[in-house]
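So the structure is just underneath, and the comments pick up after that.
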Amino acid sequence: MLASMMLPLRAANPAPVVFGAVGFETTAPATAVAVTEARHRGLDNFSVLVSHKRVVPAMMGLLAAPERPARLDGFLCPGHVSVIIGSNAYAPIVDQHRLPRVIGGFEEFLMAEALAALAEQIVTGEPALVNLYPEAVSAAGNTVAQRLLDEVFKPASVRWRGLGVIPDSGLVLRDALAPFDAERKYGLVKPNDLEPKGCICGDVIADRAAPDQCSLFARGCTPISPIGPCMVSSEGTCQAWFKYRRAGSTGPKGVF
């Protein structure tokens, strides 16, 4: 759909158009299609500002910090990303770190089933891959989308809020597609990525700390006025903790 919307772009809107390309391997193929179509149709007023991330390198990055290791028992792998990359992409997590991984779907009972399977692996101490979303996720994944991603992008080491730079965890356009790279085309300079003072989101993500151990949690940092990335996202740990906190507990009202 994105590519079809671009077709009349140059004629209808001769001004420069920059598409903000965000998301994991789920949305990156659509960006790849858009860039491919733009090159094919000579849309020289179109470019993309790429901020795509890769899931497995991020998982490996969490586990590869010996000075501050993450306290993780396993991974509930995202079904939508797994549709693209395939279940085999998670093999290094078990092979190198002996951690369980379970791919689950999105309905409530599917998520509950995946969590139960993950807990069983943790209790038995027998890490493995369990794909509980086989109707959408195969071992190899979507090879057509993978080839397209490889043609348009290359891996890059990028910074994650709260976690720092993780090797090969991002995607950037290949040099042959530089005319469609807004960052290079317009000489954009990335701002200094300063972590908010007092925010411990990186430790929360790595399970080195609970959200209510942060001095900002439920005080200056709330879903209405988020400070750190764990509170910004509706899927963030701090926002979920804030939303489902237990009334009558210690600390700020309703905080675990």
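Which one, 164, 178, 131, is farthest towards the positive end of the dipole of the stretch 112-188 when Lys and Arg carry +1 and Asp and Glu -1 on their Cβ?
Result: 178, furthest along the dipole toward the positive end.
What's the tally of Lys pairs in the chain whose alpha-carbon atoms lie under 27 angstrom apart, where the two lysines are 8 or more places apart or on different chains?
So the count works out to 10.
Looking only at Cβ-Cβ distances, which cysteines of the chain have no other cysteine closer than 4.7 Å?
By the Cβ distance rule, which asks for a partner under 4.7 Å, the isolated cysteines are 77, 199, 214, 221.
Given only helices, namely DSSP H runs of n ≥ 4 each adding -39500 (n - 2.57), what is the per-residue ellipticity at 222 nm of the chain, to the nearest 500 deg cm²/dmol?
Helix contribution divided over all residues of the chain: -9500 deg cm²/dmol.
Place a +1 charge on the Cβ of each Lys and Arg in the chain and a -1 charge on the Cβ of each Asp and Glu, then give the dipole magnitude about the Cα centre in debye, rounded to the nearest 20.
I would put it at about 800 debye.
Could you pull out the chymotrypsin sites (Phe, Trp or Tyr not before Pro) across the stretch 138-193 that fall in loop regions by DSSP (anything but H, G, I, E, B) with no more than 13 other Cβ atoms inside 10 Å?
Passing both the DSSP loop test and the Cβ count: 186.
Only the coordinates and a few stated rules stand behind these numbers; no lab work does. Treat the numbers as computed from the prediction; the structure is a model and nothing was measured. Counting neighbours? That spans all protein chains shown, and the Cβs are built from the backbone with ideal geometry, glycine included.
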